[in-house]
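The values are calculated or read from the model by the stated rules, or taken from the named source; none is laboratory data. Not measured: the values here are computed from a predicted model. Note that each Cβ is placed from the backbone with ideal geometry, even for glycine, and that neighbours are counted across all protein chains shown.
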Amino acid sequence: MNALGKRIADLIAASGPITVAQFMTLALHDPAHGYYATRDPLGARGDFVTAPEISQMFGELVGLWCAQVWHDQGMPLRPHLVELGPGRGTLMADALRALKLVPNYLASLKVTLVEASPALAAIQREALAKVAAPVAWQTRFDPAHIDGPLFLVANEFLDALPIRQFVHTENGWHERTIVTDALGALAFALAPASANAFVPADRSPAPDGAVYESCPSAAAIVEEIARTIARQGGAALVVDYGYDAPEFGETLQAVSGHKFSDVLSAPGESDLSAHVDFRALAKAAAAGGARAYGPVEQGRFLTALGIAERAERLTRSDSEDAKRARDRLVHPDQMGRLFKALAIVPPTAAPPPGFSQ
Ligand code: SAH
């Protein structure tokens, strides 16, 4: 067992079983050994590759999407561009470079990066050292300083937020917990208390063994974003892997070195994530007083924004790489179908680009 595993086992010995959400938080964010707190997980030599790391086209199209929505809303003053979980800062750097095409948006833009990991914030500072907009950092999303419309992007951020898992048994729903087994290793268990109150009524009846996952922190942050957008204008674009129709089945996964690994055996050494429940996010956006569009599949979304034309232009000046990257982002067997985009806009705004029905 590694050092963080021992700490978690001690914590369980001292104060009892922990929830899956508590385990995820410790494994990802423990200041000394947490996965994100201590490393740069991205890229070919890291554990996983994300859309902005595959191609500059992703960040460029996302940046231009924000500018188009800003334009459609009448070019409101003091726009803010916020990114949640910016990784290496690649998406934002590509977006801001593309936004040189829209100088009146870029000139008034204030950028905020919301990043919990000191290691990644340092990499972002370097990546964005020369951009043409003021950039500030926060460790958690706080809209207090947003004094104009909020344009917000979050790619592969919500999948990293801690989920709770509930398992259906012959006695109803019970929350999955983490305990130590007879040999002292971390193991999954079920809390004895009923968790029926935590599972929406439309999830029952369910077969025994069915797993329901919820991500309260994703719903809370999306509701807060929606409230800000409903009040001040702007738009949010959330891109992640996940599902639209609710499913029964667990999606919590550990990834290390581009391969699936065991969730419990080496906490802090592999990325933990879960598929995003887009329907729950759309509901949270409505609860915040905004309107959600989508989810639409990433392939369809990027195609509607013109990724094919952009790849064509890059290919002429460069190599075949841009076309290969385009295929990775849009092909249904690659990222095109599993990944989805959801947009959040004020209730009276027009459907944003890529989301027209
Ligand atoms: N958006 C980037 C990185 C995705 S990895 C890309 O597409 O390449 C997830 C990112 O979210 C990392 O930057 C990670 O440090 C950050 N993150 C994870 N949980 C977080 C939290 N609770 N608060 C703030 N940032 C978080």
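Worth pointing out:
- The lone criterion from (1) at pLDDT 95 or above; (2) on the phi < 0 side of the Ramachandran plot; (3) not polar (S, T, N, Q) left unmet by Ala311 is number (1).
- Taken over region 73-91, residues that are within 15 Å of the chain's Cα centre (by Cα) and either more than 16 Å from the ligand (Cβ to nearest atom) or not β-branched (Val, Ile, Thr) (or both) amount to 8.
- Residue check for Glu126: among the acidic types (Asp, Glu) and out of contact with any Lys or Arg (no Cβ under 7 Å at 6 or more places or on another chain): yes
- Residue check for Arg39: over 18 Å from Gln124 (Cβ atoms) and either out of contact with any strand residue (DSSP E or B) (no Cβ under 6 Å at 6 or more places or on another chain) or modelled with pLDDT of 95 or more (or both): no
- Search result, residues across region 1-46 that are of a type in the set (D, E, K, R) and either in a helix (DSSP H, G or I) or free of Cβ contacts under 8 Å to residues at least 60 places away in the same chain (or both): Lys6, Arg7, Asp10, Arg45
- Cβ pairs under 7 Å, 6+ apart, first in region 74-92 and among the hydroxyl-bearing types (Ser, Thr, Tyr), second within 16 Å of the ligand (Cβ to nearest atom): Thr90/Pro52; Thr90/Glu53; Thr90/Gly59; Thr90/Ala127
- Filter pass, Ala107 being surrounded by fewer than 20 Cβ atoms within 10 Å (Cβ to Cβ) and either among the aromatic types (Phe, Trp, Tyr) or assigned to a helix (DSSP H, G or I) (or both): yes
- Search result, residues across region 47-86 that are part of a helix (DSSP H, G or I), touching a Ser or Thr at 6+ places or on another chain (Cβ under 7 Å) and buried (at least 22 other Cβ atoms within 10 Å of the Cβ): Pro52, Gly59
- Selection within region 185-216: residues that are among the small types (Gly, Ala, Ser) and more than 23 Å from Ile12 (Cα to Cα). The member of this set that is surrounded by the most Cβ atoms within 10 Å (Cβ to Cβ) is Ala210.
- Listed conditions (1) assigned to a helix (DSSP H, G or I); (2) in contact (Cβ under 8 Å) with a residue 12 or more places away in the chain are all met by Tyr293, apart from (1).
- Meets criteria (more than 26 Å from Leu64 (Cβ to Cβ), aliphatic (A, V, I, L, M) and buried (at least 22 other Cβ atoms within 10 Å of the Cβ)) for Ala280: no
- Within region 137-189, the set of residues being under 30 Å from Val82 (Cβ atoms), more than 16 Å from the ligand (Cβ to nearest atom) and touching a helix residue (DSSP H, G or I) at 6+ places or on another chain (Cβ under 9 Å) comprises Ile146, Asp147, Gly148, Pro149, Leu150, Gln165.
- On the stretch given as region 234-266, residues that are buried (at least 21 other Cβ atoms within 10 Å of the Cβ) and not aliphatic (A, V, I, L, M) total 3.
- Meets criteria (modelled with pLDDT of 95 or more and either within 27 Å of Ala27 (Cα to Cα) or surrounded by fewer than 19 Cβ atoms within 10 Å (Cβ to Cβ) (or both)) for Thr169: yes
- Residue under evaluation Arg125, criteria (1) more than 16 Å from the ligand (Cβ to nearest atom); (2) farther than 23 Å from Val222 by Cα, criterion not met: (1)
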